[in-house]
Amino acid sequence: MVSPVAFEPDVTVRARQFRIGCIGAGMIMAECHLAAYKDASFTVAAIASRTASKAEAVAQRWGIPKVYATPEALIEDPSIEILDIAYPPDQQPALIRHALKQKHIKGILAQKPLALSLKDAIALRDEAKAAGKIISVNQNMRYDQSMRVLKQIIDSGALGNIVFAQIDMHAIPHWQDFLKSYDRLTYSNMSVHHLDVLRFLFGDPSDVTTLTRTDPRTTFPHKDGITVSTLNFPSGVMAVSLEDVWSGPRQEGYDNDQNITFRVEGTEGVAKGTIGWPTGSASTLTYASTTATQGKWVTPSWKTMWFPHAFIGVMEQLQYALASGEQPALSIADNVKTMALVEAGYRSMAEKRTVSLSEIAINA
């Protein structure tokens, strides 16, 4: 019998004293951000959106006391300390820049992707530093319970030296209407989750090779539909990230088998599991280690889910950074490195070659 190991699938809330103003009233805000904040007893003081009636409805649902007619009016409210943005990435930078000018805004939680280009992301990083403000980016997959426990297992040495890793997605995203006007689709808006979490697990890769083809289901023009990336890391880890947004026909009578799985292989063990997002269930993880579990498979468990509970961790790490003076776990400087990896992947697609991350300048 293998003794259970104490893991921390969810964060401990260390700070919750800041007043939050939310911009956006779509699904991600209404179903994830605000549900998580309610669970964690965070203070949501105001909300605004492009459509005032949607903001009013969401405010009534979650008991938010103030509704502003425009995002700019909310940003200028002197009682707001943290700005939480869930807005299209082409419009997000302007809101961030307006917030950087406000003395009362202490921190900003931006949505991913941070911007439509690496150049814009770098500019926002530098402007935030000059303004003395903290910007954090909502790479919430790092707070998925399976990813947190996987990181703890890897860091404990239970798997030994990591040899190979894979994230294998066969699931159909809901592409928001605003994406139809962009020239980047899957890699920038879906793969970015997996690329960022691979950085979280293994550090910065040395190179990436990415292939793509269009998705038959996506009717608007796009270049990157199904994407497959191979990443090499200085430690010797090789990782593959697959985003199959086609995943087969979907029609009445066709059994739905959408899924996301992951696997990490090391010299002393293997960890594998599922991400619960496509099915609305909790993520899972099981692992076996020649040293830590005597070769037996052990399955840690939890009752929480990526959506919405991971969003507690995202907002908590920003509040803790403001309270402690430490850098946030999801800092804008770190996110620029994820944006650089996305940029390298797009260059690999366009030029049909392996791209070294040293080719992508981020001036830091």
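A short reminder: the numbers here are calculations on the coordinates, not readings from a lab. Not measured: the values here are computed from a predicted model. Cβ placement follows ideal geometry from the backbone for every residue including glycine, while neighbour counts extend to all protein chains displayed.
Before moving on, here are some points about what is shown:
- Dipole of the range 94-179 computed with +1 at Lys/Arg Cβ and -1 at Asp/Glu Cβ about the Cα centre; of 132, 111, 156, farthest Cα towards the positive end is 132.
- Radius 11 Å from Cβ of residue 43, net charge of other residues (Lys, Arg +1; Asp, Glu -1): +2
- Taking the Cα centre of the range 115-254 as reference, the dipole from Cβ charges on Lys and Arg (+1) and Asp and Glu (-1) amounts to some 220 debye.
- Projecting the alpha carbon convex hull of the chain along each direction and taking the average yields 18.7 nm².
- Looking at the range 264-304, the trypsin sites (Lys or Arg not before Pro) that sit in a DSSP loop and have at most 14 other Cβ atoms within 10 Å of their own Cβ are 296, 303.
- Relative to the Cα centre, the charge distribution of the range 72-197, modelled as +1 at Lys and Arg Cβ and -1 at Asp and Glu Cβ, gives a dipole magnitude of about 320 debye.
- Tensor-based shape of the range 11-113 (alpha-carbon gyration tensor, a/c under 1.5 rounded, otherwise prolate or oblate): rounded
- Each Lys or Arg adds one and each Asp or Glu subtracts one; over the other residues with Cβ under 12 Å from the Cβ of residue 55, this totals +3.
- Look at 136, 331 and count the other Cβ atoms within 10 Å of each Cβ; fewest to most, that gives 331, 136.
- Filtered GluC sites (Glu not before Pro), the range 247-279: DSSP coil and at most 10 other beta carbons within 10 Å: 252
- Under 18 Å from residue 119, Cα to Cα: lysines that are on another chain or at least 8 residues apart: 129, 337
- Degrees, to the nearest 10: 192-202 long Cα axis against longest axis of the chain: 60 degrees
- Cα extents for the range 300-340 along the principal axes, largest to smallest and rounded to whole angstrom: 32, 29, 18.
- Modelled FRET efficiency - R0 22 Å, residue 174 with residue 53, Cβ distances, 0.05 increments: 0.55
- Largest first and in whole Å, the equivalent-ellipsoid semi-axes of the range 54-202 read 31, 19, 17, each the square root of five times a Cα gyration tensor eigenvalue.
- Rough spin-label spacing in nm, given labels placed 7 Å along Cα→Cβ, for residue 8 and residue 31: 3.0 nm
- Dipole size of the chain about its Cα centre, with +1 on Lys/Arg Cβ and -1 on Asp/Glu Cβ: approximately 480 debye, rounded to the nearest 20.
- Rg over Rh for the range 1-70 works out to 1.19, both radii taken from alpha-carbon positions and Rh defined as the Kirkwood radius.
- Of 277, 229, 258, farthest towards positive along the dipole that unit charges on Lys, Arg, Asp, Glu beta carbons give the range 215-282: 229
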